[in-house]
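To keep things clear, I will list the structure first and then write my remarks on it.
Nothing in this text is a laboratory measurement; each read-out follows from the coordinates by a stated rule. The structure displayed is predicted, hence computed values, not measured ones. Counting neighbours? That spans all protein chains shown, and the Cβs are built from the backbone with ideal geometry, glycine included.
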Amino acid sequence: MSKKFALIGAAGYIAPRHMAAIKDTGNELVAALDKNDSVGIIDSFFPDADFFTEFERFDRHIDKLRRANNGHAVDYVSICSPNYLHDSHMRFALRSGADAICEKPLVLNPWNIDGLQEIEKDTGRKVNTILQLRLHPSIIALREKVLAEQKNTKHEVDLTYITSRGHWYMQSWKGDIDKSGGIATNIGVHFYDMLHFIFGELQENVVNYSDDTMASGYLEYQNARVRWFLSVDYKYVPESAKAKGLRTYRSITVDGEEIEFSGGFTDLHTRSYEQILKGEGFGLEENRVAIETVTAIRDSAPIGLKGNYHPFLNR
């Protein structure tokens with residue numbers, strides 16, 4: 001029997017992947033919310049879904065469906081809203097009698113996880129999150145290789161992620177650290193989760209540099225020493241990538257060997273939904289290390305260069 005979904009943040013960049021995942025898994029989107037009304041993409045997936053631009057009317061509609069007691073209650077609320085609203089919207093989902101499926105970052109601070117765990121206990125509902133890199137075949141293979149070593153081998157890892165953004169970025173909520181959590185949280189949190197997933201316990205976290213558009217630092221895990229660099233500034237994209245017309249550059253090397261995972265992303269949201277619908281989704285606790293990591297980066301970020309690591313000069 002198909003499940004009924006509601007979606008918060010329908011105009012967001014990532015929302016179409018959630019709509020596709022709902023459809024691909026044979027389920028139904030019955031209601032969507034966004035303060036912006038540029039949501040024609042819904043017609044490609046669920047043209048009959050009810051749409052709201054005001055939370056209060058959306059809240060009332062979800063409550064009416066729940067109280068109708070005729071099989072129309074929402075089973076899941078998918079959350080694609082700005083980062084700082086995730087906590088509130090997950091609370092809304094749980095208190096509405098639905099499970100939550102939340103985009104990353106789950107929350108901005110680790111103590112929000114504790115509060116959500118209390119609400120899970122109170123309501124009997126569950127928070128699920130999208131940690132899609134844990135489902136990527138290349139990442140799974142690397143993790144299995146590291147685990148098979150059965151010893152605390154310290155691999156040397158370099159992580160570079162540059163995803164160019166235009167002038168709009170700093171004018172949006174993403175450019176406000178109180179709303180996005182800063183660049184490490186906004187574009188890096190899934191990579192920090194991936195590193196923890198592969199290499200184990202986090203042992204050290206050093207920030208070398210941080211500003212509005214780039215950050216770099218050092219992380220040490222049980223099985224790896226990691227130098228990382230993140231940016232939304234096009235000038236850091238390598239010339240070789242620019243020559244191909246690319247505005248995004250992603251690279252992970254382990255002991256000097258490039259890990260190829262640029263492909264295989266297209267269906268990871270659908271695979272995430274499949275896991276969730278089977279009761280095997282990633283929950284609150286799986287997010288804790290990554291959220292602690294980005295919180296520490298945000299709290300300790302220096303203004304100005306502290307080290308001399310640069311992803312291209314130091315290779």
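Measuring between alpha carbons in the structure, the pairs from K23/K126; K4/K126; K23/K242; K104/K179 lying more than 24 angstrom apart are K23/K242.
What FRET efficiency, computed as 1/(1 + (r/R0)^6) with R0 = 22 Å and r the Cβ-Cβ distance, is obtained for D212 and L85, rounded to the nearest 0.05?
It comes to 0.55.
Would you work out if region 26-65 is rounded, prolate or oblate? Take a ≥ b ≥ c from the square roots of the eigenvalues of the alpha-carbon gyration tensor; rounded if a/c is under 1.5, else prolate when a/b is larger than b/c, oblate otherwise. In terms of gyration-tensor shape, oblate. Based on the alpha-carbon gyration tensor of region 95-135 and its eigenvalue square roots a ≥ b ≥ c, which shape applies: rounded if a/c is under 1.5, prolate if not and a/b is larger than b/c, or oblate? Here region 95-135 falls in the oblate category. With a Förster radius of 45 Å applied to the C-beta separation of D255 and T123, the computed FRET efficiency comes to 0.45. Distance between the modelled labels on S138 and E274, one decimal in nanometres: 2.0 nm (7 Å Cα→Cβ projection).
The slack in the chain from K179 to A243, taken as 0.36 nm per residue of separation less the alpha-carbon distance, amounts to 19.6 nm.
Normalised by the number of residues in the chain, the average gap of Cα pairs under 8 Å and 6 or more apart makes the relative contact order 19 percent.
Using the Cα centre as the reference, give the magnitude of the dipole from point charges on the C-beta atoms of the chain (Lys, Arg: +1; Asp, Glu: -1; all else neutral), rounded to the nearest 20 debye.
Values: 37 positive and 44 negative charges, 54 e Å.
About 260 debye.
Available extension along the chain between K151 and S38 is 35.5 nm, counting 0.36 nm per residue and deducting the alpha carbon span. Relative protection proxy for 216-222, 100-106, from highest mean packing down: 100-106, 216-222 (other beta-carbon atoms within 10 angstrom). Each Lys and Arg adds +1 at its Cβ and each Asp and Glu adds -1 at its Cβ; summed about the Cα centre, region 147-290 shows a dipole of about 440 debye. Each helix, a run of at least 4 DSSP H residues, gives -39500 (n - 2.57); summed and divided by the residues of the chain, these come to -10500 deg cm²/dmol at 222 nm. The charge dipole of region 4-129, taken about the Cα centre with unit charges on the Cβ atoms of Lys, Arg (+1) and Asp, Glu (-1), comes to about 200 debye, rounded to the nearest 20. The coefficient of translational diffusion for region 32-167, derived via Stokes-Einstein from the alpha carbon Kirkwood radius under 37 °C and 0.692 mPa s, stands at 182 µm²/s.
So which residue, out of I41, I198, I252, gets the largest mean-square fluctuation from a GNM of the chain using Cα contacts under 10 Å as springs? Evaluated over the chain, the most mobile residue of the options is I41. Computed extension gain for D48 through S300, at 0.36 nm per residue and net of the alpha carbon distance, reaches 86.0 nm. Quick check: from the Cα gyration tensor, does region 106-226 come out rounded (a/c under 1.5), prolate or oblate? It comes out oblate by the Cα gyration axes.
What share of the DSSP beta bridges in the chain is antiparallel, in percent to the nearest 5? Antiparallel: roughly 45 percent of the beta bridges in the chain. Projected onto planes of every orientation and averaged, the convex hull of the alpha-carbon atoms in the chain covers 16.8 nm².
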